[in-house]
Amino acid sequence: MSKRFVVGYDGSEESKRAVQFAVSQAKSAGAAIVIAHVLEWSPYSFLTPEELEERHKRRKEELSRAETALMAPIKDSLSDSGVTVETEMRYGHVADTLAKIAKDVGAEQMFIGRTGESGLTARVFGSVAGSLAQIAPVACTIVP
């Protein structure tokens, strides 16, 4: 099994820097990268069957838009990088889902961009990078 690195990607400048850093590390290590995008999704169990059907339809549309607007362009931009690039999209809590993706693909390392979030918001809600650093199943590099 070849080495794989997972990199969290949301289209932000921070995540683009994380992708570029992951690519450089993957080149050095002879690894492939899995660019992972997580769409936040809360499981409402109290919805009616009609509401659940509508929600499922919206979910498919969101995945399609994310593939077209986020994942295809970043994958295309890395086509000449010399690194094998895979993509993965899932719904869930971002840090938990990225950790699960890393386990599922057998990643050896993870990369995530750090946003400049500070102040009350970060203290109350935490940050994805901070949460992932605590729960990651493999080494997690936070790229500034």
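Could you please tell me which pairs satisfy a Cβ distance under 8 Å, a separation of 6+ or placement on different chains, a first residue in region 82-106 that is in contact (Cβ under 8 Å) with a residue 12 or more places away in the chain and more than 21 Å from Ser24 (Cα to Cα), and a second residue that is open to solvent by 80 Å² or more (accessible area, probe 1.4 Å) and not hydrophobic (A, V, I, L, M, F, W, C)?
Filtered contacts from region 82-106: Arg90/Lys100; Tyr91/Glu40; Tyr91/Arg59; Gly92/Glu40; Gly92/Lys100; His93/Glu40; Val94/Glu40.
If we keep just the residues of region 59-108 that are surrounded by 18 or more Cβ atoms within 10 Å (Cβ to Cβ) and touching a Ser or Thr at 6+ places or on another chain (Cβ under 7 Å), which is modelled with the highest pLDDT?
Met71
Could we say that Ala31 is more than 11 Å from the chain's Cα centre (by Cα) and at pLDDT 90 or above here?
Working: more than 11 Å from the chain's Cα centre (by Cα): yes; at pLDDT 90 or above: yes.
It is true that Ala31 is more than 11 Å from the chain's Cα centre (by Cα) and at pLDDT 90 or above.
Since Phe111 meets every condition but one in (1) at pLDDT 90 or above; (2) assigned to a helix (DSSP H, G or I); (3) within 19 Å of Val19 (Cα to Cα), which condition does it not meet?
(2)
The values are calculated or read from the model by the stated rules, or taken from the named source; none is laboratory data. Computed from a predicted model, the values in this text were never measured in an experiment. All Cβ positions, glycine included, derive from the backbone under ideal geometry; neighbour counts span all protein chains shown. These accessible areas exclude ligands, DNA and RNA; they are computed on the full protein's heavy atoms, side chains included. Shrake-Rupley method; radii C 1.70, N 1.55, O 1.52, S 1.80 Å.
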